[in-house]
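A short write-up of the structure that comes next.
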Amino acid sequence: MRPFTYESPSSVLEATNPGHPDSAFIAGGTTIVDLMKLEVMKPPKVVDLNALPMRGIEMSPDGLRIGALEKMSDTAVHPEVAANYPVISEALLKSASAQIRNMASIGGNLLQRTRCGYFRDVNTPCNKREPGSGCPAIGGENRMHAILGTSSSCVATHASDLAVALVALEASVRLQSGASERLLTLDDFYLLPDGTPHQENQLLPGELITEIRVPRLPWATRSTYLKIRDRESYEFSLTSAAVALDVNGDQIRDARVAVGGVGTKPWNLPEVREALTGKPLTLETFVAAAKLAVAGAVPLKHNAFKIDLVQRTIIRALIKLGGLA
Ligand code: SF4
């Protein structure tokens with residue numbers, strides 16, 4: 001690990017002042033410490049966020065607010081989260097290990113880096129780590145990689161389960177740099193790799209996620225997160241689906257659908273939502289809607305199975321919520 005300086009500011013203003021453009025923020029440290037040990041990240045300065053007042057989980061008439069420093073484990077079992085947005089609780093409880101969930105912050109979870117093995121191995125090229133050096137995953141080992149949103153520069157998946165649930169729910173992140181604040185939908189916050197895979201999101205240097213806002217959606221009480229993986233614990237998804245369903249008798253009134261494990265960012269599916277809305281609550285409706293999820297998919301040598309698997313993941317989540325099982 002390279003030497004670095006350490007600071008622990010007591011206000012967001014101080015933490016994000018323009019004097020810290022090359023610094024790395026640390027909260028739970030569950031991603032950044034690993035990456036610093038591997039020398040994938042070499043920040044000259046580490047700014048500890050834990051003294052900042054970016055906490056609290058509250059439900060209001062507008063929806064849910066989660067402070068960015070809240071722990072994954074506390075958020076997962078919070079009564080308002082569990083009761084109103086089961087999809088968030090389930091996504092968190094299916095993430096990482098209990099020990100990591102006890103340490104990792106919600107903001108850090110949304111900013112975690114890809115698990116592409118080449119990215120974490122500094123002895124191989126990687127456009128995300130060293131822009132312009134190449135992408136060995138495209139012709140190499142790519143079973144875990146993306147089929148949607150890829151480019152000739154990068155095919156890495158986004159690793160966060162929570163982000164998939166939040167994108168489905170049309171959540172936003174509040175960002176702060178100095179005295180300047182802005183609110184972005186999470187869907188807009190994340191960037192496709194295109195020719196610049198090292199730029200994964202719209203955060204400016206020194207800018208922080210301070211809180212997450214989830215719109216009120218009373219029928220999200222009927223929501224779920226289905227995660228398909230090689231083993232049932234402590235594993236990243238092959239495919240996942242965050243689904244909420246509003247049902248009136250045998251008709252679908254509305255839906256929210258996003259998928260993970262297949263996209264270079266958490267993959268929102270408004271076209272699947274539209275294909276479900278106003279349709280009868282039947283398996284045929286689910287199958288027809290899920291087909292739209294893979295429009296434009298570009299499989300690689302080892303991950304073509306995801307085209308079928310992600311459709312079945314969506315269908316299974318819909319069957320569960322629709323009571324067709
Ligand atoms: Fe790097 Fe992306 Fe290629 Fe992985 S897929 S080696 S992260 S450029």
*What number of residues within the stretch 55-72 satisfy the criterion of being outside any strand (DSSP E or B) and either closer than 22 Å to Val87 by Cβ or open to solvent by less than 10 Å² (accessible area, probe 1.4 Å) (or both)?*
7
*Any chance you could count how many residues in the stretch 229-254 are surrounded by fewer than 21 Cβ atoms within 10 Å (Cβ to Cβ), over 19 Å from Ile88 (Cβ atoms) and not acidic (Asp, Glu)?*
8
*Check on Ala244, more than 15 Å from the chain's Cα centre (by Cα), farther than 27 Å from Pro9 by Cα and in a helix (DSSP H, G or I)*: no
*Taking the stretch 265-288, which residues are open to solvent by 20 Å² or more (accessible area, probe 1.4 Å) and in a helix (DSSP H, G or I)?*
Pro270, Glu271, Arg273, Glu274, Ala275, Leu283, Glu284, Val287, Ala288
*Any hit, the stretch 180-197, residues being over 21 Å from Ala317 (Cα atoms), open to solvent by 20 Å² or more (accessible area, probe 1.4 Å), free of Cβ contacts under 8 Å to residues at least 60 places away in the same chain and within 16 Å of the ligand (Cβ to nearest atom)*: yes
*Hits in the stretch 117-140 (condition: open to solvent by less than 50 Å² (accessible area, probe 1.4 Å), part of a loop (DSSP other than H, G, I, E, B) and among the hydrophobic types (A, V, I, L, M, F, W, C))*: Phe119, Cys126, Cys135
*Quick check: anything in the stretch 305-322 open to solvent by 30 Å² or more (accessible area, probe 1.4 Å) and either assigned to a loop (DSSP other than H, G, I, E, B) or at positive phi (or both)?*
no
_Out of the residues in the stretch 101-116 meeting the condition of being more than 16 Å from Ile66 (Cα to Cα) and open to solvent by less than 50 Å² (accessible area, probe 1.4 Å), tell me which one is farthest from the chain's Cα centre (by Cα)._
Cys116
_So Arg143, is it within 16 Å of the ligand (Cβ to nearest atom), open to solvent by 10 Å² or more (accessible area, probe 1.4 Å) and farther than 21 Å from Val272 by Cα_ = yes
*Which residue out of Arg231, Arg213 is free of Cβ contacts under 8 Å to residues at least 12 places away in the same chain and either among the basic types (Lys, Arg) or part of a loop (DSSP other than H, G, I, E, B) (or both)?*
Arg231
*Please work out which one of (1) more than 16 Å from the ligand (Cβ to nearest atom); (2) surrounded by fewer than 22 Cβ atoms within 10 Å (Cβ to Cβ); (3) free of Cβ contacts under 8 Å to residues at least 40 places away in the same chain is the condition Val81 fails and give its number.*
(2)
*If you scan the stretch 289-303, which residues turn out to be open to solvent by less than 60 Å² (accessible area, probe 1.4 Å) and either polar (S, T, N, Q) or in a helix (DSSP H, G or I) (or both)?*
Ala289, Ala290, Ala293, Val294, Asn303
*Residue ID - farthest from the ligand (Cβ to nearest atom), chosen from residues in the stretch 87-116 that are part of a loop (DSSP other than H, G, I, E, B) and among the basic types (Lys, Arg)*: Lys94
*If you scan the stretch 255-264, which residues turn out to be over 17 Å from Arg143 (Cβ atoms) and either at pLDDT below 95 or open to solvent by 10 Å² or more (accessible area, probe 1.4 Å) (or both)?*
Arg256
*Run down Ala159, Ala163 and say which single residue is more than 10 Å from the ligand (Cβ to nearest atom), part of a loop (DSSP other than H, G, I, E, B), within 24 Å of Gly29 (Cα to Cα) and open to solvent by less than 50 Å² (accessible area, probe 1.4 Å).*
Ala159
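The values are calculated or read from the model by the stated rules, or taken from the named source; none is laboratory data. What you see is a predicted model, and the numbers here were worked out from it, not measured in a lab. Please note: Cβ atoms are built from the backbone with ideal geometry, for glycine as well, and neighbour counts cover all protein chains shown. Just the protein is used for accessible areas: all its heavy atoms, side chains included, with ligands, DNA and RNA removed. Shrake-Rupley method; radii C 1.70, N 1.55, O 1.52, S 1.80 Å.
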